[in-house]
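To start, the structure itself, in structure tokens.
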Amino acid sequence: METPAWILVFILSITLFIFLIVGIVLLVALIRVTKEAKKIMIQGQNIAETAGDIAENVRDFTTVGGLVRYFVDNYMDSKERRASRKKASSAKRKVESETKEDKE
């Protein structure tokens, strides 16, 4: 082959080699960016779910039905606590009266 043909082959082979190296580097960078984008997407989904839960809680407290339900639940809980205290105190009194009777 003639010298100009060798020069062209040499220039083309160097150019293709450079493009190959640049392509590999860009592919690795693209894979890293894709992984980061996936992490960001998952965090965004978690934030959206949390925001939905917060919005639901706010909606429950701003509607009349939600407020009524909240107060009824608290009232029922306090009644249950009172009932359990009464049971505990009556059981304690019963035990105390039995011990007094046993002593007499």
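Values as computed for the structure displayed
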| quantity | calculated |
| --- | --- |
| From the options I21, I47, residue that is open to solvent by less than 90 Å² (accessible area, probe 1.4 Å) and in a helix (DSSP H, G or I) | I21 |
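For (1) surrounded by 10 or more Cβ atoms within 10 Å (Cβ to Cβ); (2) modelled with pLDDT of 90 or more; (3) part of a helix (DSSP H, G or I); (4) among the β-branched types (V, I, T), each residue gets a yes or a no:
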{"residue": "F17", "(1), (2), (3), (4)": "yes, yes, yes, no"}
{"residue": "R69", "(1), (2), (3), (4)": "yes, no, yes, no"}
{"residue": "A88", "(1), (2), (3), (4)": "yes, no, yes, no"}
{"residue": "D102", "(1), (2), (3), (4)": "no, no, yes, no"}
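The values are calculated or read from the model by the stated rules, or taken from the named source; none is laboratory data. Only a predicted model underlies this, so the values are computations on that prediction, with no experimental measurement involved. Please note: Cβ atoms are built from the backbone with ideal geometry, for glycine as well, and neighbour counts cover all protein chains shown. These area figures cover heavy atoms from the full protein model, side chains too; ligands, DNA and RNA do not enter into them. Shrake-Rupley method; radii C 1.70, N 1.55, O 1.52, S 1.80 Å.
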